[in-house]
């Protein structure tokens, strides 16, 4: 070891054992060198940034530097960092920015960001922010588009003083794309959840799915939506998006496929696919030749051979359909439809979780709509049955509101739903006698408790034309809480 190296080692070792610092005189005693020798090497170490110093009275105190070297800072952060001089020339740049920009360090160092179109930092938005910084640090969100995809960054522009006392700027770019996307997706799902609940009964949920999905898929969307006919075991084209794709498909095939039946059982339920309604539940991706040479299937196969092969092959090339993400619209083991999102080989489906959550929302809405339709059909059948009875019948709901009067009731007693709406109102009109009203009230209450038949013989009922008729009444409770009143 040379005398110089020994001096450096001795000084640094002494300062390490004295964290509060040492004066030149103290250090001279410790390393057993004269004061001038010690001061000389301390100045070198100070210039290299390895020691720091401050004036304490008439003496200068030295201690080991606690500063992190800029090179270490650049290497051990996940953020992209670019260091500029005052003329906006790049002085240093870390590997993260090199990877994103797809440029080498030699390509970047020395380049001026005002004159060269560099990723992120040379956009008008970023340059406006960078050039506005003087003394104070500035933080702002910026957006940058690359390969048809938007990236978002929190950009910090920090005034920087170099060791040579020269000034410059340090730009720190934190990738907040996922955070922005997550927030946007949460806002989207909150809105669609509310809208799906409020959709009118006559609205087309499949059309709503087609319209809203545009917000979650990449630019130049290409996707289709099927409904599922459980009885016949087949899909039906409900939508093809976007309009450009729909028009192009119509031109290639010679007709608009929307409304066309898709024979699932005849094609996909047999070899070589062996699919069934339940295998369509989870999102899966199908890759097609010729984009993927190792794949066995083509877009023509995915179309179940219902369109001409030449047209399918042309469609896959024209619309760049190298793969399809297939997802079933499923809720509680029931399949309501299928969505196919078409992408090119290099395109990515970034919002998978949000898309799946949206499909789950839509599936619940479809299940609710189907339940409502079934109830409506059951209700209609029930009304038709009651209407066909040759005896007067009144139906009450759980709140004792009159739900239905059959024609025989109106013909016999002169009341309809325009003149009476509740049990209490009808009882007051039809049975003005207070004792009769009390008996009827007890009959209803007792029936609500034991849900068994309860019959009270002979009442005098006042008809709508004020004529009076002796009647017997029977009250029957149904399992859903509704009641039927039979009057004879």
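All of the numbers you see were taken from the coordinates with simple rules; none came from a lab. Since the structure is predicted, the reported quantities are computational estimates derived from the model, not experimental observations. Using ideal geometry, Cβ is built from the backbone for each residue, glycine included, and neighbour counts are taken over all protein chains shown.
Structure data summary
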| quantity | calculated |
| --- | --- |
| Ranking of 140, 226 by count of other Cβ atoms within 10 Å, fewest first | 140, 226 |
| Helix 243-253 vs. the chain, principal-axis angle (Cα, 0 to 90°, nearest 10) | 70 |
| Mean ellipticity per residue at 222 nm, deg cm²/dmol - from DSSP H runs of n ≥ 4 across the chain, formula -39500 (n - 2.57) | -11500 deg cm²/dmol |
| Sequence-separation-based contact order of segment 222-381, relative, with Cα cut under 8 Å and 6+ spacing, percent | 22 |
| For the chain: relative contact order, % (alpha-carbon pairs under 8 angstrom, 6 or more apart) | 7 |
| 312, 342, 303, 463 arranged by Cβ crowding within 10 Å, fewest neighbours leading | 463, 303, 312, 342 |
| Helix 434-450 axis, angle to the chain major axis (alpha carbon atoms, nearest 10°) | 50 |
| Listed candidates [x] 0.94; [y] 1.74; [z] 1.32 - label of the one calculated as Cα Rg over 2.2 N^0.38 Å | [y] |
| The chain: angle of helix 35-47 to the longest principal axis, Cα-based, in degrees nearest 10 | 30 |
| Shape of segment 70-175, Cα gyration tensor, a/c cut at 1.5 | rounded |
| Mean separation of Cα contacts under 8 Å, 6 or more apart, over the residue count of segment 3-64: relative contact order % | 39 |
| Estimated inter-spin distance, residue 104 and residue 382, nm [label 7 Å along Cα→Cβ] | 8.0 |
| Simple spin-label estimate for residue 9 and residue 26 in nanometres, 7 Å along Cα-Cβ | 2.4 |
| Hypothetical label at residue 437: residues of segment 391-406 whose amide nitrogen lies under 18 Å (7 Å Cα-Cβ projection) | 400-402 |
| Gain on full stretching of the segment that runs from residue 371 to residue 40 - 0.36 nm per residue minus C-alpha separation | 110.2 nm |
| Fully extended contour minus Cα-Cα distance, from residue 140 to residue 294, at 0.36 nm per residue | 50.8 nm |
| Likely footprinting exposure, 370, 443, 80, fewest C-beta neighbours within 10 Å first | 370, 443, 80 |
